[in-house]
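Inspection log for the structure reproduced underneath, given as structure tokens.
Only the coordinates and a few stated rules stand behind these numbers; no lab work does. No experiment lies behind these values; they were computed from the predicted model shown. Cβ: placed from backbone, ideal geometry, glycine included. Neighbour counts: every protein chain shown.
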Amino acid sequence: MKKYVTILKQFLRFKKPDNLKVVAYCILTAATFWFFSALNKEYDASVKYPVEWVFDEESFIVVEEMPEDIQINVSGLGWNLLRANSGFGLPPLNLKLTDPTTNHSLPGSYFANQVAEALDELQLNYIIEDSLLFNIDYRITQSFPIYIDSLGIDLDDGYRIISPISFDTKLVEIEGPRKILAEMPKDTFWVQVIETNIDGYFDNEIPIQIEYPGLMKVKPQTVNVVFNVAKFINQKVELPIQYTNTEDLKNIFVKDSLITVHYLIQEDFKDSLSKDSLIVIADFDSINQADSTLTLSLQSKVKYVIDPYFNFPQVKVYYNE
């Protein structure tokens, strides 16, 4: 080897371009000769053999990615091994599965003869992989009820939903693997309204999200969601307390006759509320004997008033001595 290196160094000392071309040509010729000579010798090598799975795809569905090839060890001329490793001259191995749900693997002995027969100019030594693993399940369609996530709807500040939330699809059909669908809870499909800061009438198509989008098909793919919103503002009003069941009261009296009520009112109706729209009631039949109080309750006759409350929801009851 040292001898060849010395010769090469001597050639590289030549300054003339023509001499350098000769050196390059000689090296290229030698390398080509060596390459072709090497390809005419026998070798052992590992080769990827392509696999094509054959089964009823209308009745079954692939759950996990299927193997695309198998590793085999073969013997043959370098030319043939080079072609095999490049993917030429190897027809795909057809692996037919009648019912792929009964078994999730194929041993190497199952297809060894097929591979050996398909190798034209190569000799099969052995199958490197013990078996091919796969995961295929029955393809089924199952219906699930749709729910709207009303608590997750993002409204603009001060806005509330003032109508029922309606949607045009009550059921969704999911096509996918039987085992996965069987394990999915019935309340899986909560439709999320993805719009934010909603401040007006809402009528949109919402996409139905599924956990395994690459594995399942959903029908329909969207649901139309409709509802209305309105802005509410804070207000307060002082109202008389109406006492009930006051008959036959002896030595009992109250000092409070008015109470301040805080509430939210729809902005469009802020000037429409009359005092008789809200009624404050204190029932003497519900006296709390422990602290001598009456709990106040509020009755509203209008739908555009929400969340009423009292700062002090009880009134004190006094007894004459």
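Annotation note: chymotrypsin sites (Phe, Trp or Tyr not before Pro) in the range 188-275 located in DSSP loop regions with a Cβ neighbour count of at most 11 within 10 Å are Tyr201.
Quick one: Debye curve from the C-alpha atoms of the range 68-223, no solvent, what's log10 I(q)/I(0) at q = 0.09, 0.10, 0.15 Å⁻¹? One equal scatterer on each Cα of the range 68-223 leads to -0.56, -0.62, -0.87.
On a full-extension model of 0.36 nm per residue, what is the gain between Glu211 and Ile241, subtracting their alpha-carbon distance, rounded to one decimal in nm? Mind showing how you got there, number by number?
Values: separation 30, 0.36 × 30 = 10.80 nm, distance 5.55 nm.
Going from the current span to full extension adds 5.2 nm.
Remark: for residue pairs Lys170/Lys275; Lys170/Lys236; Lys170/Lys231; Lys186/Lys303, the C-alpha separation exceeds 32 Å in Lys170/Lys275; Lys170/Lys236; Lys186/Lys303. Please list, in chain and number order, the residues 5+ apart from Ile252 or on another chain whose amide H is under 5 Å from its amide H, with Hs placed from the backbone. Hits under the 5 Å cutoff: Asn320.
Report the antiparallel proportion of the DSSP beta bridges in the range 78-209 as a percent, rounded to a multiple of 5. Don't jump to the answer; show the numbers that get you there.
On the way: 10 of 14 bridges.
The antiparallel fraction comes to roughly 70 percent.
Report D for the range 143-227 in µm² per second (integer): Stokes-Einstein, Kirkwood Rh on Cα pairs, 10 °C, 1.306 mPa s.
Result for D is 114 µm²/s.
Scanning residues 5 or more positions from Val63 or on other chains, those with amide H under 5 Å from its amide H are Asn135, Ile136, Asp137, with H placed 1.01 Å from N in the peptide plane.
Please work out the Cα convex hull volume for the range 236-300 and give it in Å³ per residue. Spell out each step's value before the answer.
Details: hull volume 6.1 nm³, N = 65.
Convex hull volume per residue, Cα atoms: 94 Å³.
Close amide H partners of Ile140, meaning residues 5 or more places away or on another chain with modelled amide H under 5 Å apart, are Gly176, Arg178. Using DSSP, restrict attention to beta bridges with both residues in the range 232-319 and report what percent are antiparallel, rounded to the nearest 5. Antiparallel bridges: around 85 percent, rounded to the nearest 5. What the phi angles of the range 52-66 give under the Karplus curve with 6.51, -1.76 and 1.60, with θ = phi - 60°, is a coupling list of 10, 8, 10, 7, 6, 6, 7, 9, 10, 9, 6, 8, 10, 4, 7 Hz, glycine and proline written as x.
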